[in-house]
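The values are calculated or read from the model by the stated rules, or taken from the named source; none is laboratory data. This is a predicted model, so every value here is computed, not measured. Here Cβ is always computed from backbone atoms with ideal geometry, including for glycine, and neighbour counts include all displayed protein chains. The accessibility values were calculated without ligands, DNA or RNA, using every heavy atom of the protein model including side chains. Shrake-Rupley method; radii C 1.70, N 1.55, O 1.52, S 1.80 Å.
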Amino acid sequence: MTEQTVKLVSLQAEDMQQQIIRETFHLVSKRDDNVCNFLEGGSLIGGSDYKLIYRHYATLYFVFCVDSSESELGILDLIQVFVETLDKCFENVCELDLIFHMDKVHYILQEVVMGGMVLETNMNEIVAQVELQTRMEKSEGGLSAAPARAVSAVKNMNLPEIPRNINIGDINIKVPSLSPF
């Protein structure tokens with residue numbers, strides 16, 4: 001495929017995703033709060049072969065699209081576990097948490113569901129894994145900052161003269177000036 005063809009397919013796929021999101025929002029948001037939380041998928045979602053199962057919390061909608069063989073009540077419970085875990089991880093989750101911490105939200109969802117299979121429903125275990133991941137990211141952040149700290153340390157060294165050329169066998173290395181000016 002040419003690069004233009006790949007871009008066109010990508011744009012069409014993105015357009016289709018946006019249409020599915022709009023249709024899903026339209027189907028779910030117009031429903032009254034007194035009706036059940038599952039309905040048949042729309043025309044773009046697969047019609048009667050798929051169900052939309054959702055929960056509405058304040059201004060947030062959590063929607064799962066599942067095939068018709070899934071248990072509606074099981075999925076509602078799964079959404080409840082997911083939302084409670086988000087609430088625990090973000091301390092009163094809101095739209096901004098979901099927008100600005102999408103990577104963390106995806107990580108939490110992957111702790112719950114992966115490849116269409118429910119992996120974990122114990123909220124304490126999910127939160128423990130998220131905290132472990134956060135600690136790992138912070139420790140790696142320290143490592144990624146190491147080159148900048150090394151350059152800073154070399155700049156602050158009190159050497160009488162910094163070598164400008166280093167010769168090791170056939171290798172000749174020119175050392176750039178470390179002066180910030």
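Evaluate the stretch 74-91: report whether one residue or more is open to solvent by 30 Å² or more (accessible area, probe 1.4 Å) and part of a loop (DSSP other than H, G, I, E, B). The answer is yes; a qualifying residue exists. If I ask for residues that are in a loop (DSSP other than H, G, I, E, B), under 25 Å from residue 85 (Cβ atoms) and either small (Gly, Ala, Ser) or in contact with a strand residue (DSSP E or B) (Cβ under 8 Å, 6 or more places away or on another chain) (or both), which ones from the stretch 32-68 would you list? The answer is 33, 37, 58.
Using the structure shown, decide if residue 12 is more than 30 Å from residue 80 (Cβ to Cβ) and either at pLDDT below 85 or open to solvent by 80 Å² or more (accessible area, probe 1.4 Å) (or both).
Against the criterion (more than 30 Å from residue 80 (Cβ to Cβ) and either at pLDDT below 85 or open to solvent by 80 Å² or more (accessible area, probe 1.4 Å) (or both)), residue 12 qualifies.
Within the stretch 134-156, the set of residues being open to solvent by less than 50 Å² (accessible area, probe 1.4 Å) and either at pLDDT 80 or above or within 14 Å of residue 85 (Cβ to Cβ) (or both) comprises just one member, 134.
Only one of the numbered conditions (1) among the polar types (S, T, N, Q); (2) open to solvent by 60 Å² or more (accessible area, probe 1.4 Å); (3) part of a helix (DSSP H, G or I); (4) touching a helix residue (DSSP H, G or I) at 6+ places or on another chain (Cβ under 6 Å) is not met by residue 124, and that is (4).
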